[in-house]
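Down below is the structure, laid out as structure tokens.
The values are calculated or read from the model by the stated rules, or taken from the named source; none is laboratory data. If you're wondering where the values come from, they're calculated on a predicted model, not measured in any experiment. When we count neighbours, we look across all protein chains shown, and the Cβ atoms used for this are built from the backbone with ideal geometry, even at glycine. Ligands, DNA and RNA are stripped out before the accessible areas are found, and what is left, the full protein with its side chains, is counted by its heavy atoms. Shrake-Rupley method; radii C 1.70, N 1.55, O 1.52, S 1.80 Å.
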Amino acid sequence: MDYISFIRSKVGHDKIILTFAAGILTNDDGKVLLQLRGDKKTWGIIGGFMELGENSVDTLIREFTEETGISIRPTRLLNVYTNFEDSYPSGDIAQPIGIVYEVEAQEPYDISNFTNEETLALGFFSQKEIAELNLASHQHQVILDEYFAQEFRMGL
């Protein structure tokens, strides 16, 4: 049983703290790779929640590969985001603690036909294009705004 299922079996839908790791990959035009999420049908940063015994880099690499098919390595820690609340289609509520990295691909990749249960589509978007998207949460918007501004505030 994965960690979230285990915790949810104990607390139901009550608000809990969950830690996730996410990565920002850009293309040569400076556009950011986002995923159309299977759970919320909204666009979001690539990443996922930690399992017991994992560190944030292992979580990032595992989740990024699962959700994109791209083998990556983190190049820079961008920020840690702690002061948000999110809800999920299941009714679960969480305070997601996000550890966000800038990443680079380890090898050439093709995202044109990649899909799975978690990822309905992938695409690279500019800041202007992202402003027109329905994002997964306010936390994702703040992360992307800070990334494009290259100004990372502490305490968010």
Under the condition of being assigned to a loop (DSSP other than H, G, I, E, B) and either among the aromatic types (Phe, Trp, Tyr) or over 14 Å from Val32 (Cα atoms) (or both), which residue from the stretch 135-156 is most open to solvent (accessible area, probe 1.4 Å)? Met154
When you scan the stretch 27-59, how many residues do you find that are farther than 16 Å from Glu104 by Cβ and surrounded by 13 or more Cβ atoms within 10 Å (Cβ to Cβ)? 18
